[in-house]
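K.L.:
The structure's right below; bear with me while I get my questions together.
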Amino acid sequence: MPELPEVEVARRAIEDHCIGKTIKRSIVANDSKVIEGVSASDFEAALVGKTIVAAYRKGKNLWLQLDSPPFPSFQFGMAGAIYIKGVAVTTYKRSAVKDTDEWPSKYSKVFIQLDDGLEFSFTDKRRFAKVRLLEDPTSAPPISELGPDALLELKSVDEFVESLSKKKTAIKALLLDQSYISGIGNWVADEVLYQAKIHPLQIASSLSRESCATLHKCIKEVVHYAVQVDADSSRFPPKWMFHFRWGKKPGKVNAIELGADSSQYPSNWIFHSREKKPGKAFVDGKKIEFITAGGRTTAFVPDLQKLSRNQAANAVSKPQKQSGRKKGHKDDSDNDDVDEPASDEDKIAESVKPKKGAKSRGQGRTFPAKRKSKESDDDDDNTEDNDGEDDEDQKKVTNNKQLKAEKTNKKKVPTGKNGKNAKKKAK
């Protein structure tokens, strides 16, 4: 989804091309899922004749200050984007609208024509965005509930270290929590944790001061650089994991292992050998794994991003939870008081299981070769093509156990009155 860099680029485009101009005409989509709390006609009436004074952003939210309230605000969601006719604004793949498409786009939610003829539109292909009309955007949710902006209001190193020391949640989930720090989404979180060499499931309070300081530095550098190059991913440093994480698809570009989508790159870059299998993507020669953290698919490099010994040991000693992700869990925020999804704990336990052939402490028990663990598949590159076969074996074993149990129940002698009759007949 569009994150801080993409939304900041949109804000700057409006600031450069629309400030001081008056809204001559407006067309608002009759879509109550996106346009929240106001009818399309009332929204249009509130805009026409107003002058755009400023464009502001906090986190992933953008709003326009007009010469009088109310003001339109835009929460970009999964695929929201600002388009200015004749001006290149976004290259974000999921938001892209082709130059040859109709104008305004069929995905337009708010279309505005200015007094000098310039036109711009807020579009949303997937309808997860929210557009609101607010008297004071900064004092109303969701903007009023946001934490410090990752670009403009990042805490000092000392404040950052101090705040992390109080958080008992996984670091990836914390970075996605917009009430803690706003603007960081899935790809930015994965990137900064990769560069800081921190496991996404590492508990924030367990991080050393050095690790916290490194993470602070990486957040600052990644966000600033992405904004500096107008969120154009083709201009991101070639060693960023960003290029390798999308869709779990491996490939090669100019002899470099790559896992990105080729539509984001120049035509002279060559992609091949695509497979949708985790453990097949590499960055700088090291394997990328995909797990769930903070409710989101998470890319990390096990060779570089390791859990602390204490946390890894605790994960192995704890029984794994069977329950899944809690209902109502939001992608972009995690409450500090809410436990991580069980799948995260399971993944931690899997990642620190003894490797093939090794025995756990105090256990002399061995297992049949058939029931090879999923973790050993990840350790052995030659068996990666068999992903999922172990699950099938496990299902067969479970089904066999159930059949045996049913047969045993049938053979049991009934109890009660019927049981007595059965005993007499037996005599």
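No lab work stands behind these numbers, since they all come straight from the coordinates. Computed from a predicted structure; not experimentally measured. Here Cβ is always computed from backbone atoms with ideal geometry, including for glycine, and neighbour counts include all displayed protein chains.
K.L.:
With an 8 Å Cα cut-off and a minimum separation of 6 or more residues, compute the relative contact order for segment 1-138 in percent.
P.N.:
Dividing the mean separation by the residue count of segment 1-138 yields 33 percent.
K.L.:
Using a simple charge model, +1 on the beta-carbon of Lys and Arg, -1 on the beta-carbon of Asp and Glu, nothing else, what dipole does segment 94-201 show about its Cα centre, in debye to the nearest 20?
P.N.:
Numbers: 15 positive and 18 negative charges, 160 e Å.
Dipole about the Cα centre, nearest 20: 760 debye.
K.L.:
Rounded, prolate or oblate, given the Cα gyration tensor of segment 150-219, with a/c below 1.5 counting as rounded? Working shown, then result.
P.N.:
On the way: a/c = 1.21, a/b = 1.07, b/c = 1.14.
Verdict is rounded for segment 150-219.
K.L.:
Going by how many other beta carbons lie within 10 Å of each one, how would you line up E3, E162, fewest first? Walk me through the numbers before you get to the answer.
P.N.:
Details: E3 23, E162 13.
Going from sparsest to densest Cβ surroundings: E162, E3.
K.L.:
OK, next. Determine the alpha carbon to alpha carbon distance for each of K58/K217; K125/K155; K50/K106; K58/K85 and list only those over 29 Å. Write out the running numbers ahead of the final one.
P.N.:
Details: K58/K217 20 Å; K125/K155 35 Å; K50/K106 25 Å; K58/K85 25 Å.
The pairs that break the limit, which is 29 Å between Cα atoms, are K125/K155.
K.L.:
First check a/c for segment 8-64, with a ≥ b ≥ c the square roots of the eigenvalues of its C-alpha gyration tensor; if it is under 1.5, answer rounded, and if not, answer prolate when a/b is larger than b/c or oblate otherwise. Walk me through the numbers before you get to the answer.
P.N.:
Working: a/c = 2.56, a/b = 1.29, b/c = 1.98.
Since a/c reaches 1.5 but b/c is at least a/b, the shape of segment 8-64 is classed as oblate.
K.L.:
For q = 0.11, 0.12, 0.18 Å⁻¹, what log10 I(q)/I(0) does segment 4-145 give under the Debye formula with an equal point scatterer on each alpha carbon and no solvent?
P.N.:
Here the Debye-derived log intensity ratios amount to -0.34, -0.40, -1.01.
K.L.:
Let me ask you something else. Taking the beta-carbon count within 10 Å as an exposure proxy, list V301, V229 from fewest neighbours to most. Don't skip to the end; give the middle numbers.
P.N.:
Working: V301 22, V229 14.
Ascending number of Cβ neighbours within 10 Å: V229, V301.
K.L.:
Right, next: Cross-link list K167/K287; K220/K286; K60/K109; K60/K287: which exceed 22 angstrom alpha carbon to alpha carbon? Write out the running numbers ahead of the final one.
P.N.:
Numbers: K167/K287 29 Å; K220/K286 25 Å; K60/K109 17 Å; K60/K287 31 Å.
As for pairs spanning more than 22 Å Cα to Cα, those are K167/K287; K220/K286; K60/K287.
K.L.:
Here is a further query. In sequence order, what are the phi-derived ³J(HN,Hα) couplings for segment 223-240 according to the Karplus relation 6.51 cos²θ - 1.76 cosθ + 1.60 with θ = phi - 60°, rounded to whole Hz, with x for glycine and proline?
P.N.:
5, 5, 5, 4, 5, 4, 9, 6, 6, 8, 4, 5, 9, 5, x, x, 8, 5
K.L.:
Find the all-direction average of the projected area of the Cα convex hull for segment 187-241, expressing the result in square nanometres with one decimal place.
P.N.:
Details: hull surface 14.8 nm².
Its average projected convex-hull area is 3.7 nm².
K.L.:
Same structure, new question: Taking the Cβ of V223 as the center, what net charge do the other residues with Cβ under 10 Å away carry, scoring Lys and Arg +1 and Asp and Glu -1? Intermediate results must be reported in sequence, preceding the final value.
P.N.:
Numbers: positive: K220; negative: E3, E8, D149, E191, E221.
Residues close to V223 contribute a combined charge of -4.
K.L.:
Then there's this: For segment 135-175, what is the Kirkwood hydrodynamic radius in Å, using each pair of distinct C-alpha atoms?
P.N.:
Details: mean 1/r = 0.0832 Å⁻¹.
Its Kirkwood hydrodynamic radius stands at 12.0 Å.
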